[in-house]
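Structure first, then comments.
The values are calculated or read from the model by the stated rules, or taken from the named source; none is laboratory data. Note that this is a predicted model, so its numbers are computed, not measured. Every residue, glycine as well, gets a Cβ built from its backbone with ideal geometry; the counts of neighbours run over all protein chains shown.
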Amino acid sequence: MSSSSRTPTRRRAQNRLIPVALLGALTIAGCGGASALQPARAADLGGPVQERPDTAEASSGRRPAPVIHLPPHWSAHRQRALVIALHASGGTPAGFEGKSGWDTVADEHDFVLAYLGSGSPAWKDPSNVAYVSAEIKRIKARYNIDPRRVYVTGFSAGAYITYFVGCRLSATVAAIAPVSGAMASQRCRPTQPVSELTIIGTHDIIPLTGNARFPAPASVTARWRGLDHCSSAAPKVSRAGPVTKRIWTSCAGGAAVGFYVINGGTHTYPGASGLAPSSADAQYNASEDVWAFFAAHRSRG
């Protein structure tokens, strides 16, 4: 990629451009591929970072640039986990960042967070998996990510493509967590176990019983238990506020499959800012719970 088409990186915490010398060290080496550049120093890159497309790309109507959030004590000298977060239809990376509460979880648990963006219609084309794969490679190289701790979650349309990621990027991703999403009928043959967590509300637009358009979430969970070769043992059941949690842990390669149902939950991101305090969705922090599930699992590498 020529210097004229490189993607500038801006440090949002201080609302100013990163010094030119550092910018050169962060520039993507190839279009859509992994970066071969050395990670930046923590002193230069601590805090949230937003990557913006150049003028030509922005005017072409392509997907919005990723938002990369680094925890306060990020350093290139130690590997960290990576969580990829995918927004809903009509959303943006910045919008999902603002409502989901994921930044707070990343800061508390010290992992790198990447909000990726889709064009329109959001995430409906399975070819988006190639984009997610390319971004994972690039972010892994740039921010010194632990290759065994890469996770993907998404809400609504973002959840839809998250299922594809689990099926097609099993050699890269340790676990997925679709929230309020449906799994398409697709060929799904992971090359190694991928832990999977489904979160759904009893009043979601995706009915728990399923319909002609959406499979029942419980049947999707059963499918993943089969894909991960889980035993027939009963799940561990627990309750937290409005949520009933079922987790099957006796699966191949240390994987697990979870099915969390929010009693009274609707088609909104659980724990999002601005929800009525009395709502079931406001009483449940999905981002914190998804991270707890992710943190318990690593890929074989």
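Of the residues in segment 216-232, none is within 19 Å of N128 (Cβ to Cβ), surrounded by fewer than 23 Cβ atoms within 10 Å (Cβ to Cβ) and free of Cβ contacts under 8 Å to residues at least 24 places away in the same chain. For segment 153-175, filtering for residues that are polar (S, T, N, Q), farther than 19 Å from R223 by Cβ and part of a helix (DSSP H, G or I) leaves 0.
Apart from one condition, F259 fits all of (1) under 22 Å from the mean Cα position of the chain (by Cα); (2) crowded, with 18+ Cβ neighbours inside 10 Å; (3) over 15 Å from A175 (Cβ atoms); the exception is (3).
Residue-wise test of (1) in contact (Cβ under 8 Å) with a residue 60 or more places away in the chain; (2) out of contact with any Lys or Arg (no Cβ under 9 Å at 6 or more places or on another chain).
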| site | (1), (2) |
| --- | --- |
| I200 | yes, yes |
| K236 | no, no |
| T249 | no, no |
| G254 | yes, no |
| S279 | no, yes |
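Surrounded by fewer than 23 Cβ atoms within 10 Å (Cβ to Cβ) and not in a loop (DSSP other than H, G, I, E, B) - does that describe any residue in segment 189-207? The answer is no, given that none of the residues of segment 189-207 is surrounded by fewer than 23 Cβ atoms within 10 Å (Cβ to Cβ) and not in a loop (DSSP other than H, G, I, E, B).
For the residues A157, A177, the requirement of being surrounded by 24 or more Cβ atoms within 10 Å (Cβ to Cβ) and either of a type in the set (G, A, S) or closer than 20 Å to W102 by Cα (or both) singles out A177. For segment 251-301, residues that are touching a strand residue (DSSP E or B) at 6+ places or on another chain (Cβ under 7 Å), assigned to a helix (DSSP H, G or I) and among the polar types (S, T, N, Q) total 0.
Can you name every residue in segment 94-138 that is touching an Asp or Glu at 6+ places or on another chain (Cβ under 8 Å) and closer than 20 Å to P178 by Cβ? Those that are touching an Asp or Glu at 6+ places or on another chain (Cβ under 8 Å) and closer than 20 Å to P178 by Cβ: E97, G101, V105, L113, A114, Y115, L116.
Selection of segment 67-98 for residues being surrounded by fewer than 19 Cβ atoms within 10 Å (Cβ to Cβ) and in a helix (DSSP H, G or I) yields A94, G95, G98. All told, V150 meets the bar of being of a type in the set (V, I, T), buried (at least 20 other Cβ atoms within 10 Å of the Cβ), touching a residue at least 40 places away in the same chain (Cβ under 8 Å) and not in a loop (DSSP other than H, G, I, E, B). Taking segment 281-294 as the range and being under 18 Å from L197 (Cβ atoms) and surrounded by 15 or more Cβ atoms within 10 Å (Cβ to Cβ) as the test, the residues that pass are D281, Y284, N285, A286, S287, E288, D289, V290, W291, F293, F294. Can we say T104 is in a helix (DSSP H, G or I) and over 14 Å from the mean Cα position of the chain (by Cα)? Yes.
Name the single residue that is nearest to A141 (Cα to Cα) among those in segment 71-88 being modelled with pLDDT under 95 and in contact with a helix residue (DSSP H, G or I) (Cβ under 9 Å, 6 or more places away or on another chain). Once the filter is applied, the top-ranked residue is A76. Screening A218 with (1) under 16 Å from S156 (Cβ atoms); (2) modelled with pLDDT of 95 or more gives one miss only, at (1).
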